[in-house]
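Input: a single structure, listed below in structure tokens.
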Amino acid sequence: MDHTDGVVLAAIRAHATAILPDLAPADIVPERTLAELGLNSVDRSEVVTNVMDDLDVLVPITEFRQAMPVAELVVLFERYR
């Protein structure tokens with residue numbers, strides 16, 4: 001996985017922890033899914049939407065699938081940056 005600048009992972013961490021304040025940024029690791037971290041479907045949708053806004057990208061909804069590990073989300077967002 002390419003973490004060229006860490007911006008995408010940082011954005012995912014920021015928005016996930018804003019929704020679940022008890023979640024530590026260090027808990028959001030590439031191997032885990034947002035669902036495993038305790039975010040429900042509405043929460044996950046909010047994280048994705050906010051990350052797209054932060055990065056000023058539009059990722060087609062068809063690109064997302066259930067239970068994507070954070071690593072796959074990073075790669076997907078990087079592809080559209």
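Numerical summary
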quantity: Count - residues of segment 15-33 that are touching a residue at least 40 places away in the same chain (Cβ under 8 Å) and of a type in the set (D, E, K, R); calculated: 1
quantity: Residue count, segment 40-57 (criterion: over 11 Å from the mean Cα position of the chain (by Cα), under 18 Å from Ala10 (Cα atoms) and either at pLDDT below 95 or not acidic (Asp, Glu) (or both)); calculated: 2
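The values are calculated or read from the model by the stated rules, or taken from the named source; none is laboratory data. Keep in mind that this is a model prediction, so the values were computed, not measured. So basically every Cβ, Gly included, is an ideal-geometry build from the backbone, and we count neighbours across all protein chains shown.
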